[in-house]
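J.: Quick one: the structure is below, questions incoming.
The values are calculated or read from the model by the stated rules, or taken from the named source; none is laboratory data. Predicted, not measured: the structure shown is a model, and the values here were computed from it. For neighbour counting, all protein chains shown are included, and Cβ atoms are generated from backbone atoms with ideal geometry for every residue, glycine included.
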Amino acid sequence: MRLTPAVTIDRAELGLAPGPLTLKLELMQHSGSFKVRGAFANLLLREIPAAGVAAASGGNHGAAVAYAACVLGIPARIFVPEVSSPAKISRIRGYGADLVIQGATYSDALAVCQDWVTASGALPVHAYDQRQTILGAGTTGLELLRQAPGVTTILAAVGGGGLLSGIATAVLTGPAAAGMRVVGAEPEGAPTMTAALAAGGPADAPAGSIAVDSLAPRRVGELTYAVAARYVHSIALVTDDAIVAAQAMLWERLRVVAEPGGCAALAALLSGRYQPQPDEPVAVVLSGANTTAVDFGR
């Protein structure tokens, strides 16, 4: 894994009221997203059978597992739905994994993956509801606190909840927990954690959003819900328009390219769905960059 940069700027640079903002650039991580942290945690901490590993993914987790398996010399079969972006499919294939594209949604791909695991004996590497996956994601928060020790609020995107619950566990159960808060951000069209918190447990939610290939499982996990319910301060819902605006702002002001799901947390800040105090040191995790949105041929 890479130690990704954490860059602190003034919020005024992004058109907000002045105040400190740290951007944790997980989009510079191996395989293009934070997901590689959980992938390596699984492959290094669990016993791998001869059949290798299998993972279902909207794309980023699949690319991460494919990359980790390639580095460690482990066979991998990755299942993605038809909505997975070409950029993510290309990464998975580039790392040499067997790729299966099947189903309309992540949940469909997960069902096919589970059938393969039963038939083959491969080790399933869950995208979010697995202790090792959460443990790996949590290292993002630990790094961030070392890089920007003054931060008191961390915003992170929510899909299945692995990143959010990992960061919350890492930073809110340790010595730096006093005065810290962790806030989630998810699309209005895929309010998985919001639905779970309202229902008192994982519940089916809509899965329609511009970030459908990274932030739209049918429901959050049992493990990730339990952590969020106990430790997470709040969940901010953001519109697709706000996500696109955050992508554009990152490129126009900082020349940083992020996929839609990768900048959902920034969208919560820019759109006012999370409003920090004037001097509140806020950090935003930019969690992924697997997109083909920029045309470098012009």
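J.: Restricting the stretch 8-31 to residues that are closer than 26 Å to Ala68 by Cβ and free of Cβ contacts under 8 Å to residues at least 60 places away in the same chain, which is surrounded by the fewest Cβ atoms within 10 Å (Cβ to Cβ)? Walk me through it before giving the result.
T.: Keep residues of the stretch 8-31 that are closer than 26 Å to Ala68 by Cβ, which gives 23-31.
If we keep only those that are free of Cβ contacts under 8 Å to residues at least 60 places away in the same chain too, we end up with 29-30.
Working: Gln29: 23, His30: 18.
Out of the qualifying residues, it is His30.
J.: Specify the residue that is nearest to Ala41 (Cα to Cα); the eligible residues are those in the stretch 88-115 that are crowded, with 19+ Cβ neighbours inside 10 Å and among the small types (Gly, Ala, Ser).
T.: Ala97
J.: Being at positive phi and free of Cβ contacts under 8 Å to residues at least 40 places away in the same chain, is that true of even one residue in the stretch 43-66?
T.: We begin by selecting, within the stretch 43-66, every residue at positive phi; these are 52, 59.
Restricting the remaining residues to those that are free of Cβ contacts under 8 Å to residues at least 40 places away in the same chain gives none.
No, that holds for no residue.
J.: Does Thr194 satisfy the condition of being of a type in the set (S, T, N, Q), closer than 23 Å to Ala127 by Cβ, assigned by TED's automatic domain parsing to the domain that holds Val182 and surrounded by fewer than 22 Cβ atoms within 10 Å (Cβ to Cβ)? Spell out how you get there, then give the answer.
T.: Working: of a type in the set (S, T, N, Q): yes; closer than 23 Å to Ala127 by Cβ: yes; assigned by TED's automatic domain parsing to the domain that holds Val182: yes; surrounded by fewer than 22 Cβ atoms within 10 Å (Cβ to Cβ): yes.
Answer is yes for this residue.
J.: Looking at (1) touching a His at 6+ places or on another chain (Cβ under 9 Å); (2) under 30 Å from Leu254 (Cα atoms), which is the only condition Leu3 fails?
T.: It fails just one condition, (1).
J.: Still on this model: Can you name every residue in the stretch 104-161 that is within 30 Å of Pro281 (Cβ to Cβ), in contact with a helix residue (DSSP H, G or I) (Cβ under 9 Å, 6 or more places away or on another chain) and not in a helix (DSSP H, G or I)?
T.: Matches in the stretch 104-161: Tyr128, Val151, Ile154, Leu155, Ala156, Ala157, Val158, Gly159, Gly160, Gly161.
J.: Another question, then. Considering only the stretch 220-249, how many residues are assigned to a loop (DSSP other than H, G, I, E, B) and surrounded by fewer than 22 Cβ atoms within 10 Å (Cβ to Cβ)?
T.: Residues that pass the stated criteria total 2.
J.: Which ones in the stretch 11-47 are assigned to a loop (DSSP other than H, G, I, E, B) and touching a strand residue (DSSP E or B) at 6+ places or on another chain (Cβ under 6 Å)? Before the answer, list the steps.
T.: Within the stretch 11-47, the first condition is being assigned to a loop (DSSP other than H, G, I, E, B), and the residues that meet it are 15-19, 29, 34, 46-47.
Within the stretch 11-47, just Pro18 meets the criteria.
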